[in-house]
Amino acid sequence: MKYLSVRLTILLASTLVSAQMPAPGGSPLTRHYRDGETLTYHMTATNEDWHYTADASATARKTASGSYIEDFRWTGMTSNGQPITLSPAMAQFRQPLSLDPSWTPSMPDLSKVDLQLVGPITDLMTFYVDLWLMNKVGILQHPGDHFYVPNPQVASWADGTHVLIGTDHIDFDLNLQSIDPVKGTAVVVVRHVPPSSPNLQLPAEWMRPPVADTPNNWVEVTKTDSGKYLAEVGKETFDVLITVSTADGRILSASMDNPVVMSARECEDAALATCGAAQPHTIHRHIEIALQH
């Protein structure tokens, strides 16, 4: 469910900047595409007790509309050190991503992908859309430049069957951290942070007090196999750091820390009125990608 939260939030962010806002020329982050160029990324990640790696390769091409995209295919994965045999359908699956500000991000069809790859697919998209958003805004030119993007929309990953409620509300804090002219790199930081007043509909009064140091911006209610309800509320953030080539705008490496500090209760009723004691818990994911040479 958290992966769905990630992808919905980043897509909502992409609507915040007008499609008529081209990035100015000369930006150190500008992506300069070449037809047919290839890129391969190796991903390493931890999701609580789960450790995995994944590999994706892409070829850049120009679309009929004139935008450039990178068509990624996923070529391998390991889970807790063991190789995973990908389904035959993955050989045909392509994930279009781009850093071209004239392109509009969109989600690939995940209905037929291997379940284990949903996380890697959406995490790679997080890196790309965060940098795409900075290129789309187009005003971050110098180290220390900063732009805050308030997000008016709440993301949902509820399916109505198992996940009855699943929402978060996250703003975007864009930062050009540094430029190294010798190495030819720029480092950007994108913080996905709680708004000052998250627009969440919390289903129970006990969910209102902040679990951490900000108002709660994440809530999930799931139905358990025993017919009870697991209700969780708390603070979710993402800290994304991306190293970019200033020569051509490629992502050279990136990392993401994604903690959710929460309080959970098991409840007897759908109204979440008859519940057990609060159980504090923190979900923590860490993802890294590196361009392979």
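A short reminder: the numbers here are calculations on the coordinates, not readings from a lab. Bear in mind that the values here come from a model prediction, so they are computed numbers and not experimental data. Positions of Cβ are backbone-derived with ideal geometry, glycine not excepted, and every protein chain shown enters the neighbour counts.
Entry remark, segment 90-117: residues being β-branched (V, I, T) and more than 20 Å from V129 (Cα to Cα) number 1 in total.
State all residues of segment 238-270 that are of a type in the set (D, E), over 18 Å from N217 (Cβ atoms) and surrounded by 13 or more Cβ atoms within 10 Å (Cβ to Cβ); if no residue qualifies, say none. Quick ask: steps written out before the conclusion?
Step one: list which residues in segment 238-270 are of a type in the set (D, E), which gives 239, 248, 257, 266, 268-269.
Filter again for over 18 Å from N217 (Cβ atoms), leaving 248, 266, 268-269.
Those that are of a type in the set (D, E), over 18 Å from N217 (Cβ atoms) and surrounded by 13 or more Cβ atoms within 10 Å (Cβ to Cβ): D248, E266, E268.
State all residues of segment 162-179 that are among the charged types (D, E, K, R) and in contact (Cβ under 8 Å) with a residue 60 or more places away in the chain; if no residue qualifies, say none. Listed by number, the list holds a single entry, D168.
Looking only at segment 77-129, residues that are aliphatic (A, V, I, L, M), in contact (Cβ under 8 Å) with a residue 60 or more places away in the chain, over 13 Å from A56 (Cβ atoms) and not in a loop (DSSP other than H, G, I, E, B) come to 2 in all. Among the residues of segment 44-102, those identified as surrounded by fewer than 15 Cβ atoms within 10 Å (Cβ to Cβ) and among the acidic types (D, E) are E48, D49, D71. Can you tell me which residue within segment 271-292, out of those that are surrounded by 13 or more Cβ atoms within 10 Å (Cβ to Cβ) and over 27 Å from the mean Cα position of the chain (by Cα), is farthest from A204 (Cα to Cα)? Here the answer is A278. Somewhere in segment 177-199, is a residue surrounded by fewer than 22 Cβ atoms within 10 Å (Cβ to Cβ), part of a strand (DSSP E or B) and touching a helix residue (DSSP H, G or I) at 6+ places or on another chain (Cβ under 9 Å)? No, the conditions are met nowhere in segment 177-199.
Only one of the listed residues (R61, R34) is of a type in the set (K, R), more than 19 Å from I121 (Cα to Cα) and not in a strand (DSSP E or B). That residue is R34. One residue alone among K183, K228 is of a type in the set (D, E, K, R) and either farther than 30 Å from A273 by Cβ or touching a Phe, Trp or Tyr at 6+ places or on another chain (Cβ under 8 Å) (or both), and that residue is K183. Counting only strands (runs of 3 or more DSSP E) that sit wholly inside segment 228-293, those with at least 2 residues that are free of Cβ contacts under 8 Å to residues at least 40 places away in the same chain are 229-236, 251-267, 279-291.
Does at least one position in segment 102-119 carry a residue that is of a type in the set (F, W, Y) and within 30 Å of L202 (Cα to Cα)?
Going through segment 102-119, the residues of a type in the set (F, W, Y) turn out to be 103.
From what is left, the residues that are within 30 Å of L202 (Cα to Cα) are none.
No, that holds for no residue.
Quick check on segment 153-176: of everything there that is in a loop (DSSP other than H, G, I, E, B) and of a type in the set (V, I, T), which residue is surrounded by the most Cβ atoms within 10 Å (Cβ to Cβ)? Per the criteria, the residue is I170. May I ask you to verify whether D55 is of a type outside the set (V, I, T), under 21 Å from T237 (Cβ atoms) and in a strand (DSSP E or B)? Considered against the rule, which asks whether it is of a type outside the set (V, I, T), under 21 Å from T237 (Cβ atoms) and in a strand (DSSP E or B), D55 comes out as no.
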